[in-house]
């Protein structure tokens with residue numbers, strides 16, 4: 001059994017769904033169900049005896065300790081985080097509380113559990129077999145100039161937003177718990193994810209949702225901010241590989257080898273929607289693009305050097321950007337009820353109706 005935190009969020013939910021598609025092993029899911037944590041993402045697992053959902057905070061050390069003692073997972077995979085840069089600029093407090101303080105309390109609970117496990121001899125979960133995998137971001141590395149080499153695992157940390165600073169701090173805590181206490185940790189730093197179940201505040205889902213609603217497609221500044229784009233299910237497969245084969249204490253960068261400017265992303269989304277769901281007036285969705293004032297401290301370029309994970313663990317992304325973005329746009333077209341529920345907040349009622357008495 002494994003424990004997955006942040007399991008109802010975008011990447012966490014995709015990981016849990018992907019895990020059940022690949023494994024027979026049970027999962028305990030822990031999520032606070034804040035605005036971006038949506039239990040509807042896990043609706044296909046309702047009634048599955050191998051999936052146990054618990055509503056709760058990684059900062060609740062008593063709850064986490066209880067779950068660890070009761071279920072005795074062989075691994076903890078930590079996705080739990082506040083993750084939107086714009087929101088971190090407007091209200092950094094939640095990011096400090098969850099990403100730093102919450103990670104600290106989680107690590108303390110996990111350390112206590114791990115130290116009480118039996119040594120390597122004997123069956124079941126042992127101190128030698130246990131793993132704590134911390135999922136982080138390339139934003140901790142700061143910003144790159146256009147001609148600079150991509151971020152490697154040895155690039156120094158230079159976070160430029162409250163979000164990235166909070167994630168950098170959590171990464172350092174994880175590293176410290178390995179070097180100080182011997183906790184068997186692994187860390188992954190990923191590039192920009194996209195795909196199904198992405199909360200529509202981020203670039204790609206926002207463009208899809210706004211385009212279909214006839215709203216403006218807001219692009220920051222000149223739209224030439226460059227990101228490396230990673231299809232979320234490729235990210236899930238990378239995490240599974242790191243959990244299985246990664247070297248303890250190591251960091252693995254996970255990227256899609258897809259550097260794209262934001263404006264190019266928006267143009268691609270518009271072109272796919274023009275093909276798959278044309279506007280009634282026959283015009284292109286590009287006409288809805290609106291350039292807006294750039295956000296403070298907007299990093300100009302991120303790029304991931306993912307050669308280490310390929311060299312050491314044999315992992316490479318399966319999707320190109322072209323295949324992944326088409327799947328993503330089609331998913332949103334096919335799942336308009338999900339989009340509507342997320343935007344309206346009615347998924348809160350869905351949780352109460354379908355998981356009454358189970359989420360605690």
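Sort out which residues of the range 210-249 are within 28 Å of residue 277 (Cβ to Cβ) and assigned to a helix (DSSP H, G or I), and write them in order of number.
210, 211, 212, 232, 233, 234, 235, 236 - these are the residues of the range 210-249 that are within 28 Å of residue 277 (Cβ to Cβ) and assigned to a helix (DSSP H, G or I).
Mind checking which residues of the range 110-127 are touching a residue at least 12 places away in the same chain (Cβ under 8 Å) and surrounded by fewer than 23 Cβ atoms within 10 Å (Cβ to Cβ)?
Within the range 110-127, 111, 112, 113, 114, 115, 117, 124, 125, 127 qualify.
Among the residues of the range 44-56, what is the count of those that are surrounded by fewer than 14 Cβ atoms within 10 Å (Cβ to Cβ) and within 17 Å of residue 10 (Cα to Cα)?
Of the residues in the range 44-56, 1 are surrounded by fewer than 14 Cβ atoms within 10 Å (Cβ to Cβ) and within 17 Å of residue 10 (Cα to Cα).
Check off (1) farther than 15 Å from residue 8 by Cβ; (2) in contact (Cβ under 8 Å) with a residue 60 or more places away in the chain; (3) assigned to a loop (DSSP other than H, G, I, E, B); (4) within 19 Å of the chain's Cα centre (by Cα) for residue 33 and give me the number that stays unchecked.
Of the numbered conditions (1) farther than 15 Å from residue 8 by Cβ; (2) in contact (Cβ under 8 Å) with a residue 60 or more places away in the chain; (3) assigned to a loop (DSSP other than H, G, I, E, B); (4) within 19 Å of the chain's Cα centre (by Cα), the odd one out for residue 33 is (1).
I need the full set of residues from the range 57-87 which are surrounded by fewer than 18 Cβ atoms within 10 Å (Cβ to Cβ) and assigned to a loop (DSSP other than H, G, I, E, B), in order please.
Scanning the range 57-87 gives 60, 72, 74, 84.
Please return the ranges of helices (runs of 4 or more DSSP H) entirely within the range 255-349 where 2 or more residues are in contact with a strand residue (DSSP E or B) (Cβ under 9 Å, 6 or more places away or on another chain), under 30 Å from residue 159 (Cβ atoms) and at pLDDT 95 or above.
262-276, 307-313, 321-334
Inside the range 188-209, can you point out the residues that are touching a helix residue (DSSP H, G or I) at 6+ places or on another chain (Cβ under 6 Å) and in a strand (DSSP E or B)?
188, 189, 190, 193, 194
If you check residue 172 against the conditions, is it within 30 Å of residue 104 (Cβ to Cβ), assigned to a helix (DSSP H, G or I) and without any contact (Cβ under 8 Å) to a residue 60 or more places away in the chain?
Considered against the rule, which asks whether it is within 30 Å of residue 104 (Cβ to Cβ), assigned to a helix (DSSP H, G or I) and without any contact (Cβ under 8 Å) to a residue 60 or more places away in the chain, residue 172 comes out as yes.
Report, by residue number, each residue of the range 62-79 that is within 21 Å of the chain's Cα centre (by Cα) and more than 19 Å from residue 124 (Cα to Cα).
Answer for the range 62-79, where residues must be within 21 Å of the chain's Cα centre (by Cα) and more than 19 Å from residue 124 (Cα to Cα): 64, 78, 79.
Restricting the search to the range 178-187, which residues are in contact with a helix residue (DSSP H, G or I) (Cβ under 7 Å, 6 or more places away or on another chain) and part of a loop (DSSP other than H, G, I, E, B)?
Listed by number, the list holds a single entry, 183.
Go through the range 145-159 and give me each residue that's crowded, with 21+ Cβ neighbours inside 10 Å and touching a residue at least 60 places away in the same chain (Cβ under 8 Å).
If the condition is that a residue be crowded, with 21+ Cβ neighbours inside 10 Å and touching a residue at least 60 places away in the same chain (Cβ under 8 Å), then 150, 151 are the ones that fit.
How about the range 88-121: which of its residues are more than 22 Å from residue 181 (Cβ to Cβ) and in a loop (DSSP other than H, G, I, E, B)?
Once the filter is applied, which keeps residues that are more than 22 Å from residue 181 (Cβ to Cβ) and in a loop (DSSP other than H, G, I, E, B), the range 88-121 yields 91, 92.
Quick check: anything in the range 283-291 surrounded by 22 or more Cβ atoms within 10 Å (Cβ to Cβ), touching a residue at least 40 places away in the same chain (Cβ under 8 Å) and more than 27 Å from residue 143 (Cβ to Cβ)?
Yes, the range 283-291 has at least one match.
Can you pull out the residues in the range 13-30 that are in contact with a helix residue (DSSP H, G or I) (Cβ under 6 Å, 6 or more places away or on another chain) and assigned to a helix (DSSP H, G or I)?
13, 14, 15, 18
The values are calculated or read from the model by the stated rules, or taken from the named source; none is laboratory data. Being a predicted model, the structure only gives us computed values, none of them experimental. Ideal geometry is used to build each Cβ from the backbone, glycine not excepted, and the neighbour counts take in all protein chains shown.
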